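Visitor: Got a structure for you, questions after.
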Amino acid sequence: MGTKTSVWQVYVLALISFLVGTSEYIVSGILDQIAESLGVTVVVAGQLITVFSLSFAVGTPILMAATVRLDRRKLMLYALGLFVLANLLSFVLPGFPLFVIARVLMALGAGVVVVVSLSIASKIAPPGKEASSIATVIMGFTAALIVGVPLGRMVASAFDWKAVFLGIALAGLLGLLIIALTVPKVEGDEPVPILQQFALLKQPKIAIGLGITFFWICGYSIVYSYITPYLIEVSGFHPSMVSSALLAFGLASLVGSQLGGYTTDRWGAYATLSRSIGLHMVFLLLLYFTAGSVVAVFVCLILWSFAAWTTGPAQQVNLVKLAPESSGVMLSLNQSAVHLAIAAGAGLGGLVVANVSLAAITWFGAAGLGLSLLGVLLLSRMVSSASPAPRAGQGQRV
């Protein structure tokens, strides 16, 4: 296969990842409109995020285990077809309960699409380019925050929030056609039983490592799930300003992600993790204290996103180094931890909004990050004691 051909196909997979990421993240950007349209509270609407993430986290490993021997291209077409159908159902079905069902189907299709996209990207990449191909696909998810969510907010404001899901479905149909015509057949993998995958959790270092992911993302999700009503009701943003704020948030996430890769190479994973999570906590708390100033909140929003997304590359490196012989399983478990954390964060955030206040979500988000930071400090010391003389650049100190 020619290098140019495979590179082009990887970018197609990145575009599919962009659609999947947009379908997941967009609810946070249009939460107020969904709640008003469907006649539910913001807290109830926020549980759409919980339902999606929980379905993604639980359903994806089960579906992947059941289809492990299936040709990856064929599995991608099936999963993307389910994803497109679910988005069409989101557009046509009335009422909140039916929308919840559509979100479950959407999450199941999206989860398989994510994993298979990464698998195909690594297998069709030119020799020595596997990591960069995977990074390109992951960039599609980042682009969903940068472009997808603010663009979805603008579409929802100009037309209707359901139009966002129609647009995703139509783009998905185009992607389905392109994949069917261009992506080659790719053999499935040897099956790794689910129980064998979860056996890794018995190792304390791995359990703590995945706990870092869980509490980091949970703290982030508690706030981000309700960021639109927070900006409007607590910070005094006009609804027309939200799209710009979300765009700035997404751009900051891109810069943070790039810096996270650089600092991980330069300082090591634990030094980057401790600094980025610590700053993440600080900026969430500053969101609370600056709530009276739109400008100050806008700045804190950008700095929060920057710090939050700096954590990602360092945590990926950290997890792979904890079990290099099982890197694929570790990254799969990390995906489940991410989506369980998003579900938990949206659920906890809803409880905080309903029982404390919308403004208080920043404090609870910071508390989750505090637990994640404790995990980093503990794991760093465990690794240091096991390897008293790390090589330069491995960053075992904090």
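The values are calculated or read from the model by the stated rules, or taken from the named source; none is laboratory data. Since the structure is predicted, the reported quantities are computational estimates derived from the model, not experimental observations. Backbone-built Cβ (ideal geometry, glycine too); neighbour counts: all protein chains shown. Quick note on the areas: whole protein, heavy atoms, side chains included, nothing else; ligands and nucleic acids left out. Shrake-Rupley method; radii C 1.70, N 1.55, O 1.52, S 1.80 Å.
Visitor: Measure off, as a whole percent, the carbon and sulfur share of the 1.4 Å-probe accessible area of segment 205-341, all protein chains present.
Guide: Exposed carbon and sulfur together represent 71 percent of the surface.
Visitor: Where a ≥ b ≥ c are the square roots of the eigenvalues of the C-alpha gyration tensor, would you call segment 48-162 rounded, which needs a/c under 1.5, or, failing that, prolate if a/b is larger than b/c, or oblate?
Guide: oblate
Visitor: Give a residue-ordered list of calculated ³J(HN,Hα) values for segment 147-156 (Karplus: 6.51 cos²θ - 1.76 cosθ + 1.60, θ = phi - 60°; whole Hz; x for Gly, Pro).
Guide: My calculation for segment 147-156 gives 10, x, 5, x, 5, x, 4, 5, 4, 5 Hz in order.
Visitor: Placing +1 at every Lys and Arg Cβ and -1 at every Asp and Glu Cβ, with all other atoms neutral, what dipole size does the chain have around its Cα centre, in debye to the nearest 20?
Guide: Computed about the Cα centre, the dipole is about 840 debye.
Visitor: Another one. Can you give me the accessible area per residue for the chain, using a 1.4 Å probe, in Å²?
Guide: 41
Visitor: Then there's this: With labels modelled as points extended 7 Å from the Cα through the Cβ direction, what inter-label distance (nm, one decimal) is found for residue 70 paired with residue 265?
Guide: Label at residue 70, label at residue 265, 3.8 nm between them.
Visitor: Then there's this: Just going by the charge dipole of the chain, with Lys and Arg at +1 and Asp and Glu at -1 on Cβ, which of 172, 285, 318 is farthest out on the positive end?
Guide: 318
Visitor: In addition: Measure out, as a whole number of angstrom, how far apart the alpha-carbon centroids of segment 101-122 and segment 73-92 sit.
Guide: First find each Cα centre; the distance between them is then 9 Å.
Visitor: At residue 7 and residue 232, where each label point lies 7 Å from the Cα along Cα→Cβ, what is the point-to-point distance in nanometres?
Guide: Between residue 7 and residue 232, the label points sit 4.4 nm apart.
Visitor: Which value at 222 nm does the chain reach when only helices count, each DSSP H run of 4 or more adding -39,500 (n - 2.57), with the total divided by all residues and rounded to the nearest 500 deg cm²/dmol?
Guide: -27000 deg cm²/dmol
Visitor: Using the charge dipole of segment 47-188 (Lys, Arg: +1 at Cβ; Asp, Glu: -1 at Cβ; taken about the Cα centre), state which of 109, 158, 144 has its Cα farthest towards the positive end.
Guide: Of 109, 158, 144, it is 109.
Visitor: At 1.4 Å probe size, what's the solvent-accessible area of residue 136? Round to the nearest 10 Å².
Guide: Surface open to solvent at residue 136 totals about 40 Å².
Visitor: Once the Cβ-Cβ distance between residue 41 and residue 377 is put in as r, and R0 is 41 Å, what FRET efficiency do you end up with, to the nearest 0.05?
Guide: For residue 41 and residue 377, the calculated efficiency is 0.60.
Visitor: On to the next question. Taking the Cα centre of segment 1-105 as origin, work out the dipole magnitude from +1 charges on Lys and Arg Cβ and -1 charges on Asp and Glu Cβ, in debye rounded to 20.
Guide: Rounded to the nearest 20 debye, it is 560 debye.
Visitor: If you project the alpha carbons of segment 34-92 onto the principal axes, what extent comes out on each, in Å, largest first?
Guide: Over segment 34-92, Cα extents along the principal axes are 44, 23, 10 Å.
Visitor: Set Lys and Arg Cβ to +1 and Asp and Glu Cβ to -1, take the dipole of the chain about its Cα centre, and tell me which of 44, 351, 216 lies farthest positive.
Guide: Result: 216.
Visitor: Here is a further query. Taking the chain, how many lysine pairs are there with alpha carbons less than 28 Å apart, if each pair must be eight or more places apart or span two chains?
Guide: For the chain, qualifying lysine pairs total 13.
Visitor: Per residue of segment 277-294, in order, report the coupling 6.51 cos²θ - 1.76 cosθ + 1.60 (Karplus, θ = phi - 60°) as ³J(HN,Hα) in whole Hz, putting x for Gly and Pro.
Guide: Each residue's phi maps through the Karplus curve to give 5, x, 5, 4, 4, 4, 6, 5, 5, 5, 4, 5, 6, 9, 4, x, 10, 4 Hz.
Visitor: Keeping every protein chain in place, order 153, 73 by accessible area at 1.4 Å, biggest value first, i.e. largest first.
Guide: Output order, biggest surface exposure first: 73, 153.
Visitor: Expected output is a single nm value to one decimal: the length gained when fully extending between residue 244 and residue 123, i.e. 0.36 nm times separation in residues minus the C-alpha distance. What is it?
Guide: That works out to 39.8 nm of additional length.
Visitor: Can you give me the % of accessible surface on segment 1-98 that is carbon or sulfur? Probe 1.4 Å, all protein chains present, nothing else counted.
Guide: With neighbouring chains kept in place, the figure for segment 1-98 is 72 percent.
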